[in-house]
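Colleague: First, the structure itself, so that you have it in front of you.
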Amino acid sequence: MARESRGEKARRQIADLKASGFSFAEIGRQIGKDRSTVMRWAKGTTSPRKGTGGNLTRLWRRTDKALGEGGRVNLSGFFRQVWVLKGEAQLPLALDPPPTYSWPPTAAVWITAYFSDWVLSNGQNWNDVDTEKSLKVDLSLGENGASGLEAALLEAMSKLVTSKGDDFRVEYAKMSYVILKRGKN
């Protein structure tokens, strides 16, 4: 999966800002754009032109983000695509620190990484063997999930060898996307 486009990034950032209590007009005032421009970006009708989305990104970075009930955020752009290369985990997995979201302390929140490729030393892909096709980590308030996904990846790699033998070493793993999700209360 390629990095998200300017339009996808703007839509995600505006959705986060809206969930944090900003109106389209307030976002526009803060970044020097009309409310109607912000609304078009949010709907996907138009996208920020190259060089014009920086103010939105700066506002988004300095704003506390809230994850609403049933909320879902694609964090793929913060992580490298290849997680295992030639049998070695490519740590750190996060290219940029993922944002930290807030949610009620009793809410169930998790981050899940899905894979398009998971190639083993015997040449099989994960489709050919009985293994998980994703890594899921439950989060506590204040965590962004990056370190939890690293630990889950290393554990999954070790578990395959321990349970199935040396022919099941992970040689290559390519991430498809990473999703942060809050369940319904």
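Colleague: Exactly one of (1) small (Gly, Ala, Ser); (2) modelled with pLDDT under 90; (3) in contact with a Lys or Arg (Cβ under 9 Å, 6 or more places away or on another chain) is unmet by Ala66. Its number?
Modeller: (3)
Colleague: Then there's this: Which members of segment 55-67 meet the condition of being farther than 9 Å from Ser102 by Cα, under 17 Å from the mean Cα position of the chain (by Cα) and of a type outside the set (S, T, N, Q)?
Modeller: Once the filter is applied, which keeps residues that are farther than 9 Å from Ser102 by Cα, under 17 Å from the mean Cα position of the chain (by Cα) and of a type outside the set (S, T, N, Q), segment 55-67 yields Trp60, Arg61.
Colleague: Could you tell me whether segment 59-73 includes any residue that is assigned to a helix (DSSP H, G or I), among the small types (Gly, Ala, Ser) and closer than 25 Å to Ile111 by Cα?
Modeller: The answer is no; no qualifying residue exists.
Colleague: Right, Ser102: outside the structural domain of Asp16 (by TED's automatic domain parsing), free of Cβ contacts under 8 Å to residues at least 60 places away in the same chain, over 12 Å from Leu149 (Cα atoms) and surrounded by fewer than 19 Cβ atoms within 10 Å (Cβ to Cβ) or not?
Modeller: Answer is yes for this residue.
Colleague: Quick check on segment 78-95. Is at least one of its residues closer than 30 Å to Asp16 by Cα, polar (S, T, N, Q) and not in a loop (DSSP other than H, G, I, E, B)?
Modeller: no
Colleague: Among the residues of segment 50-66, is there at least one that is without any contact (Cβ under 8 Å) to a residue 24 or more places away in the chain, surrounded by 13 or more Cβ atoms within 10 Å (Cβ to Cβ) and not assigned by TED's automatic domain parsing to the domain that holds Val170?
Modeller: Looking through segment 50-66, at least one residue is without any contact (Cβ under 8 Å) to a residue 24 or more places away in the chain, surrounded by 13 or more Cβ atoms within 10 Å (Cβ to Cβ) and not assigned by TED's automatic domain parsing to the domain that holds Val170.
Colleague: A further question follows. Determine whether Trp83 is surrounded by 14 or more Cβ atoms within 10 Å (Cβ to Cβ), closer than 30 Å to Leu135 by Cβ and aromatic (Phe, Trp, Tyr).
Modeller: Yes.
Colleague: Can you spot a residue in segment 24-40 that is at pLDDT below 85 and surrounded by fewer than 17 Cβ atoms within 10 Å (Cβ to Cβ)?
Modeller: no
Colleague: Right, another one. Determine which single condition Ser47 fails, assuming it passes every other condition in (1) touching a residue at least 40 places away in the same chain (Cβ under 8 Å); (2) part of a loop (DSSP other than H, G, I, E, B); (3) within 20 Å of the chain's Cα centre (by Cα).
Modeller: (3)
Colleague: Let me ask another. Taking segment 143-185 as the search range and keeping residues that are assigned to a loop (DSSP other than H, G, I, E, B) and under 16 Å from Ala113 (Cα atoms), which one is modelled with the highest pLDDT?
Modeller: Per the stated criteria, the residue is Gly145.
Colleague: Would you check which residues across segment 118-139 are modelled with pLDDT under 90, closer than 25 Å to Leu75 by Cβ and surrounded by fewer than 16 Cβ atoms within 10 Å (Cβ to Cβ) and list them?
Modeller: Hits for segment 118-139 are Asn125, Asn127, Glu132, Lys133.
Colleague: Can you tell me which residues in segment 1-23 are modelled with pLDDT under 85, part of a loop (DSSP other than H, G, I, E, B) and over 13 Å from the mean Cα position of the chain (by Cα)?
Modeller: Ser20, Gly21
The values are calculated or read from the model by the stated rules, or taken from the named source; none is laboratory data. Everything quoted here is computed from the prediction, not taken from an experiment. Reconstructed Cβ throughout: ideal geometry from the backbone, glycine too, with neighbour counts over all protein chains shown.
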